[in-house]
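Single-structure report; data block below.
The values are calculated or read from the model by the stated rules, or taken from the named source; none is laboratory data. Quick caveat: nothing in here was measured; it's all calculated off a predicted structure. Glycine also receives a Cβ, built like all others from the backbone with ideal geometry; neighbour counts cover every protein chain displayed. Keep in mind that these areas ignore ligands, DNA and RNA; they rest on the heavy atoms of the full protein, side chains included. Shrake-Rupley method; radii C 1.70, N 1.55, O 1.52, S 1.80 Å.
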Amino acid sequence: MHAFRHGTTTTPTAVVVPPSLALPVIESAFPRQLHPYWPRLQEKTRLWLLEKRLMPADKVEEHADSLCYTDLMAGYYLGAPDEVLQAIADYSAWFFVWDDRHDRYVVHGRPDDWRRLRHRLHTALDAPRHHLHHPDPLVAGFADSVLRLYGFLPRTWNQRFARHFHAVIEAYDREFRNRTEGRIPGVEEYLALRRHTFAHWIWTDLLEPSAGCELPDWVRKNAAYRRAALLSQEFAAWYNDLCSLPKEIAGDEVHNLGISLIAHENLTLEDAVDDVRRRVEECVSEFLRAEQEALRFADGLDDGTVRGKELSAAVRACVGNMRNWFSSVYWFHHESGRYRVDTWDDRSTPPYVTNETAGEE
């Protein structure tokens, strides 16, 4: 399977999707789009990473664009105001850097450093303004991105976002303990934990500032809306596991759906890959049904009032972007240098991280 990625050069680059990872339904039924702000987004996020010292200058120069972090967000939150998309993209880039820091703390056996970082992130989430100049760039960058996200919708949305991200931090802590103890979680335990480590509800929350409207609880918790949201995120998490499996086996990982299936369901590697792929494909087909139910729900919200029209339009925008998540995630995994493990000098050490300085103050 081939696609042409959007790049900064005038000549598009062909992307080859390995047959084992190709999903023809995504390529045919989920047309790919990019927010028109994307070229500027890429440039400004690169500058933000440098300004906040989240990656060394040489790593930014060599890897930032090819990691495609901004492509992922620009393919998801279509219709978002430019400043909202910029805040989301910077936050997303921060999230990947944080994930890398967490990984290096595991690999190099630094539980005290992780404990301190975990505490600081919890604190910064509740009071970002007081952490903008924290000596750890990861904490300061987090505070900056969160404070910007908090500026778009009412305080109730901010509180929900914070509650959801506190849960993400704690899930990362459970993953840290599992990995340092060499403990592979059971399949159901892993699936529940993955919803937090992949930040399902964070990316779903961010649909709302993109649509310019905080959704009331009774709308967000509607079964049709919630199911469509969950399926879009489950697809992303499980497809990520499918694509990451070689990298994570090389890194002696314990957190991957395929690894849990091998350890606890006695599957071979080949059978585990088939199982994960089946789950991914089922997410796609189930989403196509859930999407129609969610859109019917959106139509029903329009009762002729101004508020009804606003909610209906916002839900339609959010559901439309849930759909965009499928193609954006799919192509990201075949374009980003984050998954080109076969090109790394050391298959267990990503070239875009600096082992020696990760987290040192």
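Both numbers refer to the Cα atoms of the range 74-116; Rg and Dmax are 14.8, 43 Å.
Suppose every Lys and Arg Cβ carries +1 and every Asp and Glu Cβ carries -1, with no other charges. What dipole size does the chain come out with about its Cα centre, to the nearest 20 debye?
Dipole magnitude for the chain comes out near 940 debye.
Between residue 289 and residue 264, the modelled labels are 2.6 nm apart [label points 7 Å from Cα along Cα→Cβ]. Think of the chain as a dipole: +1 on every Lys or Arg Cβ, -1 on every Asp or Glu Cβ, centred on the Cα centre; then among 81, 57, 114, 81 lies furthest on the positive end.
Rounded to the nearest 0.05, the FRET efficiency derived from the C-beta distance between residue 187 and residue 305 at R0 = 51 Å is 0.65. Partner lysines whose Cα lies under 25 Å from the Cα of residue 247, excluding those fewer than 8 positions away in the same chain, are identified as 59.
Farthest toward the positive end of the dipole of the range 136-247, out of 230, 197, 178, is the Cα of 230, where the dipole comes from beta carbon charges about the Cα centre.
Computed with every protein chain present, the accessible area of residue 68 is close to 0 Å² [probe 1.4 Å].
The residues of the chain have, on average, 43 Å² of accessible surface per residue, using a 1.4 Å probe with all protein chains present. As a calculated quantity, the FRET efficiency between residue 119 and residue 57 at R0 = 35 Å, using C-beta atoms, amounts to about 0.75. The longest part of the chain holding none of the exposed loop trypsin sites (Lys or Arg not before Pro), meaning those outside H, G, I, E and B in DSSP with at most 15 other Cβ atoms within 10 Å, is 54-182.
Report the rotationally averaged projected area of the range 220-343 based on its alpha-carbon convex hull, in square nanometres. Write out the running numbers ahead of the final one.
Numbers: hull surface 35.4 nm².
With every direction weighted equally, the projected area is 8.8 nm².
A simple spin-label model places the labels of residue 108 and residue 167 3.2 nm from each other, with each point 7 Å out along Cα-to-Cβ. Largest mean-square fluctuation among 203, 344, 238, in a Gaussian network model of the chain whose springs join Cα atoms under 10 Å apart, belongs to 344.
Provide 61, 281 ordered by accessible surface of protein heavy atoms (probe 1.4 Å), highest first. Let's see the in-between values first.
On the way: 61 155, 281 80 Å².
Putting 61, 281 in descending order of accessible area: 61, 281.
Approximating the spin labels as points 7 Å out from Cα along Cα→Cβ, the residue 156-to-residue 29 distance works out to 3.6 nm.
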